[in-house]
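What follows is a set of notes on a single structure, which appears directly below.
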Amino acid sequence: MTLADQPVEVGVERNADRAYEVIRERLVMLDIRPGEPINDERLAAELGVGRTPVREAVKRLERDRLVVAYPRRGTFATAVDLTDLADISEIRKQLEPTAAARAARTASTGARARLEALARSIAEIDDGDDPREVLRRDVHVHREIYRASGNPHLEQILITLDGHATRIWCLFLDRLPDVADHVREHVALLQAIVAGDETAAADLTLAHVTGFEAAVRALL
Amino acid sequence: MHDVVVGRIVTVSIPGLDELEADPEGMSFADRAYLAIRDKLIMLDIRPGEAIVESELSAELQFGRTPVREALKRLEADRLVVSYPRRGTFATGVDVADLRHISQIRVNLEPVAARTAADVASAATREHLARLADDVHGLDAVAVDRTELMRWDHKVHRAIYRAAGNPHLEDVLVRYYNLATRIYCLFLDRLPSVADHVEEHTNLLRAIAAGDADTAAAVTLEHVTGFEKSVRAIV
């Protein structure tokens, strides 16, 4: 079901949440190109919601640095800034291993079962799969790990940063040779978390974040 | 037209405000409104979750509506207020139960900021931090009131975040500094001396200014951990 199929009268707040998720995904996957103007009215019509929830969603996206508003000129998707790569990596190298270790230590039985199923499905990713689809699954794995960390603040920061990292991925998707490999690395990580092995989870995560940065740098 | 610098403008706070603070004459009305409202939010004179009415604030603080509105926009970037279209602006919530989660983030990132600042800060920034260290060291803790001490604490932390030169890191740290400090203020009456906490900054600032990254990181870790311990001892 797409957003347009949802009933309109479910309240501004819920519509704002959904508008946020949909617009965010378009920005992260570069379906809305960097620098492209954001048109409230058109988005509202397209998503089948009012302009108020869309405006609220756009404000949240501004806090995420995915859009930028200029008085009298309008709102635009931010540029994908490659100088950000080092800055974002500096934070992720600290927080991603912390989240993975915490997930390994504290995840509930239910969360572990979800991560285990995810590991099985990720293992089946094929080199020939659509890279954008592979990337979406990568985002999904990250999000599940953040959630399993049980720290909502950590989860929120990492979702934001992963969004920026994913935009960089998307920019280079044609030139990054081994996206499927990169995402399959998560199988071992997920298994370490499920097994409660904090050290392995942290180490594998650090290697993953560092590997991403190195892969992009190699193209520059 | 929308070149690579576009993304950097959004949430980076007010360049030069730290310098302006030393010289209130040079501050715009919006700068002054920002500081006044920020103090109220951090010191919890405006309670978490409380509705913020522009006209009331502007009457109370004797500023026009426009500087107050501009100040609120900056405070929203600091995550101290949140505004919803058609519903209004509110002080963001403070949840003591979050302290553990917040500390986990700060324990990880504060030392990174101090270390990076020690490694990368420009000569001018180092000079600024060294001067700040002298100012903090010279404070007469008995004569200076709590609001003033919190302002110094704030100033030191933000100067370090800025000096690290990573706007994403700065953004996260400002946000969590604000949250942590508001939790601190919930218990201010019962906490041991705030002055000692602020004085700890002298060594930290001097380590950064001297480029001693290991000391800067170690002192910061101790500072953040000590802060959490003192609050937890009371909660």
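Couple of notes before you dig in:
- Filter result (under 18 Å from the mean Cα position of the chain (by Cα) and surrounded by fewer than 21 Cβ atoms within 10 Å (Cβ to Cβ)) within segment B:109-122: B:112
- In segment A:54-93, the residues that are outside any helix (DSSP H, G or I) and among the basic types (Lys, Arg): A:65, A:72, A:73
- Identity of the residue in segment A:45-56, closer than 15 Å to residue A:24 by Cβ and more than 10 Å from chain B (Cβ to nearest Cβ), that ends up surrounded by the fewest Cβ atoms within 10 Å (Cβ to Cβ): A:46
- Test: residue A:97 is within 10 Å of chain B (Cβ to nearest Cβ) and under 15 Å from residue A:201 (Cα atoms): yes
- Residue count for segment B:49-60 under the criterion of being buried (at least 17 other Cβ atoms within 10 Å of the Cβ) and touching a Lys or Arg at 6+ places or on another chain (Cβ under 8 Å): the result is 1.
- Of note, residue A:107 does not satisfy the criterion of being buried (at least 23 other Cβ atoms within 10 Å of the Cβ) and farther than 24 Å from residue A:167 by Cα.
- Count - residues of segment B:187-227 that are modelled with pLDDT of 85 or more and either under 25 Å from residue B:41 (Cα atoms) or assigned to a helix (DSSP H, G or I) (or both): 23
- Qualifying residue in segment B:128-149 (condition: within 14 Å of chain A (Cβ to nearest Cβ), assigned to a helix (DSSP H, G or I) and under 19 Å from residue B:219 (Cα atoms)): no
- Restricting segment B:71-98 to residues that are part of a helix (DSSP H, G or I), modelled with pLDDT under 90 and not basic (Lys, Arg) leaves a set whose member that is surrounded by the fewest Cβ atoms within 10 Å (Cβ to Cβ) is B:97.
The values are calculated or read from the model by the stated rules, or taken from the named source; none is laboratory data. Keep in mind it's a predicted model, so treat the numbers as computed, not measured. Ideal geometry is used to build each Cβ from the backbone, glycine not excepted, and the neighbour counts take in all protein chains shown.
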